[in-house]
Amino acid sequence: MKKLLLCCLLGLLLLPEAGHAQRRRQSRTSPLSMGLTFGLKGGLNYANFAGEGTKEAGRLGAELTYSGQPGLLIGGLVNYRIAPQLSFQAEVLYTARGTNRAGSAQVSPTVRFEQDEKIRLSYVDVPLLVKYNASFLYLEGGLVPGFLLSGTAATSGITSVTGGTTTTSGSSTEFKDFQTEFNSVELGLGFGAGIEVPAGLIIGLRYVRGFQNVGSKESPALLLTNKGLNNQSIQATAGYIFNHSSRRGRR
C-alpha cells in the first residue's frame with residue numbers, strides 16, 4: 001500500500017514536468033513546416049506565339065499565320081501559407097510550347113513559295129505565385145521564369161513556278177535544331193483560378209504570357225518575325241496536395 005501511494009505521489013509530481021516537456025517539443029516545431037504543403041500536378045498546355053511580330057510579315061508583303069498547338073505540362077509544387085487565406089507557391093514544371101506557322105510569298109510574277117513550319121520549344125518553368133484562397137476556390141498570379149531546354153522546327157515547303165499555261169511544283173521537308181535561335185531564358189506573367197478541395201485535389205486554369213522576345217536578336221530561323229514574338233499559353237491542370245488535410249486542421 002505504501003509503495004502504491006508513493007508511486008501515485010511520484011506520478012502527480014511528474015505530471016507538470018511531462019506537460020512542460022510536451023510544450024517544449026511543440027515549441028521546437030518549425031513555424032515554416034506548420035504552413036508548408038507540397039504536391040504534384042500535370043495537364044495540357046495550349047501554346048502559341050503572340051505580339052507585333054506576328055503582323056510584321058504581312059506588312060512586308062508575305063502571308064503568315066500562326067496557330068496554337070497542345071503540349072504536355074508536368075511537375076511539382078511547394079506552397080507556404082503566410083495568412084489564413086494567403087499563401088506563396090513555387091512550382092517546377094516541364095512545359096511544351098511552340099506554334100504552327102504557315103507562310104506564303106509571291107517571290108516573282110511566276111514563282112510562289114509556300115511553307116509550313118512546326119516549331120517545338122521545351123522549357124522548365126519556375127512559377128513564383130501569390131495565391132488567395134476563398135473556401136474551395138482560389139486565385140493566383142505572379143512571375144513565371146522559363147529556361148529553354150530545346151528548340152526544333154520541322155519545315156515543309158512547296159515552290160510553284162508558272163510558265164505560260166503550265167505550273168511546276170517542287171516540295172521539300174527539313175528538320176532542324178533551332179535552340180540557339182531562341183533566348184535561353186524568358187520571363188512572363190501568369191494569372192489563374194481553380195478549385196482546391198479538402199482531400200487534396202486541385203484543378204486549375206492559368207494563362208501565361210511572356211514579355212520577352214522568343215527569338216534572339218539575330219535569328220535567321222524566325223525570318224521576318226524575329227522581333228516582338230512572345231510565348232503565350234493556356235494551361236489546364238489537375239494535381240494532388242499530399243499533406244493538405246493536416247494544414248487545414250491548423251487553420
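The values are calculated or read from the model by the stated rules, or taken from the named source; none is laboratory data. Values in this document were obtained by computation on a predicted structure and should not be read as measured data. Reconstructed Cβ throughout: ideal geometry from the backbone, glycine too, with neighbour counts over all protein chains shown.
For every residue, the table says whether it meets (1) at pLDDT below 90; (2) over 18 Å from N231 (Cα atoms); (3) crowded, with 19+ Cβ neighbours inside 10 Å.
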{"residue": "R24", "(1), (2), (3)": "yes, yes, no"}
{"residue": "T29", "(1), (2), (3)": "yes, yes, no"}
{"residue": "L32", "(1), (2), (3)": "yes, yes, no"}
{"residue": "K41", "(1), (2), (3)": "no, yes, yes"}
{"residue": "N48", "(1), (2), (3)": "no, no, yes"}
{"residue": "R59", "(1), (2), (3)": "yes, yes, no"}
{"residue": "T65", "(1), (2), (3)": "yes, no, no"}
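Which ones in region 99-121 are modelled with pLDDT under 70 and under 36 Å from the mean Cα position of the chain (by Cα)? Even if it seems obvious, please write down each step before you answer.
Filtering region 99-121 down to residues modelled with pLDDT under 70 leaves 104-113.
Hits for region 99-121 are S104, A105, F113.
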Original post:
Which one of E174, E181 is modelled with pLDDT under 80 and either buried (at least 19 other Cβ atoms within 10 Å of the Cβ) or aliphatic (A, V, I, L, M) (or both)?
Top reply: E181
